[in-house]
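Below is one structure, written out as structure tokens; comments come after it.
The values are calculated or read from the model by the stated rules, or taken from the named source; none is laboratory data. Fair warning: this is a prediction, and the values are worked out from it, not measured in the lab. Note that each Cβ is placed from the backbone with ideal geometry, even for glycine, and that neighbours are counted across all protein chains shown.
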Amino acid sequence: MSHEHPHHDVHPGTRNHAVFRLAFVLTCALLIAEAIGGWWSGSLALLADAAHVLVDAGALALAWAAAVFALKPADARRSFGYARIEVLAGFVNALVQVLLVFGIAYEAIRRLRAVDQIHIESGVMLVVAVLGLLVNVVVLRSLHAHDHGNLNAAGARLHVFGDLLGSIGTVAAALLVRYLGWNWADPVLSLLVSLLILRGAFVLLRRSGHILLEGVPEGVAPDEIRIALAGVDPDVTEVHHLHVWQLASGSRVATLHARLREGGDAQHALVAIQRLLRERFSISHATVQVESSECADADAACDEPGHVAGSDHGR
């Protein structure tokens, strides 16, 4: 029996942290402008969008931090490195988003009940809203131009795209208030932005919670992996005790037992298993226990539900 795995980098370093830093700085500048503009103009839609920008600034900070921390090597206390900080922070970020939504929704309803008493400086609101729209376009373009295969960057782009939609809604509210005198459009649009925030919050909460519970990564089917592994090498007769989970965005890990026929080439089978997991299922780090007889794990039966035996290849 052997217990081997090649030394791949579990958390490949990314060169995108400079892009994340630029996006974070621009988003923070927009956050300050919208917060001041919303307070000055009396626009709840601007303040709601500023809250949305605050969440996105946090998401960009997480993406930036994750890109930087991914470059740090593992140490004696954190053998898998530091990338899971991104997941923990994302979980907290999602909870904060939910609290923001309740606060914005409460204020929007209160304003709708007294809509005739609302005074909005629509000119200031429109200028700041257009500025926010332009900044979001610039940030989205900068993120879109870098590393389309990076899930961390994809998550950051998703946040900024949501903020772009919020900015479009705020511009629409400003135009309705300025040219049609529809003051109710401001709290109504702020409610729509809140729904946008809430949807993103639940998506982030679900994804981060699933990773923290070490659930199977999205798009991965353990049964499909078992079947593929059972036929990856003529010497592999059975695959069992397969576990697949995710440390952080884009970092998949697996452990499994592979039983070989008597006299099988363990090293050849191990290389074939690692290659298939890496190339077909994007699992960059796998620990494979190779067995030539009964399963050595006394705490669990090898014939677990769903295990797959390899076919006889005539060897």
- Can you pull out the residues in segment 198-228 that are more than 18 Å from residue 159 (Cβ to Cβ), within 14 Å of the chain's Cα centre (by Cα) and of a type in the set (A, V, I, L, M, F, W, C)? 212
- In segment 212-220, is there at least one residue being among the aliphatic types (A, V, I, L, M) and more than 24 Å from residue 78 (Cα to Cα)? yes
- Message: Between 115, 137, 127, which is modelled with pLDDT of 80 or more, surrounded by 14 or more Cβ atoms within 10 Å (Cβ to Cβ) and within 21 Å of residue 37 (Cα to Cα)?
- Response: 127
- Residue hits (segment 261-306; touching a helix residue (DSSP H, G or I) at 6+ places or on another chain (Cβ under 7 Å), surrounded by 12 or more Cβ atoms within 10 Å (Cβ to Cβ) and at pLDDT below 85) are 284
- Task: Go through segment 140-153 and give me each residue that's out of contact with any helix residue (DSSP H, G or I) (no Cβ under 9 Å at 6 or more places or on another chain) and at pLDDT below 70.
- Result: 149, 151
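I need a count of the residues in segment 252-294 that are of a type in the set (Gly, Ala, Ser) and farther than 17 Å from residue 235 by Cβ. If you could, list the steps in order and put the result at the bottom.
Initial filter on segment 252-294 (of a type in the set (Gly, Ala, Ser)): 254, 258, 263-264, 266, 269, 272, 282, 284, 286, 292-293.
Restricting the remaining residues to those that are farther than 17 Å from residue 235 by Cβ gives 254, 282, 284, 286.
So the count comes out to 4.
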- Tell me which residues, restricted to segment 56-103, are charged (D, E, K, R), buried (at least 19 other Cβ atoms within 10 Å of the Cβ) and either without any contact (Cβ under 8 Å) to a residue 40 or more places away in the chain or farther than 19 Å from residue 211 by Cβ (or both). 56
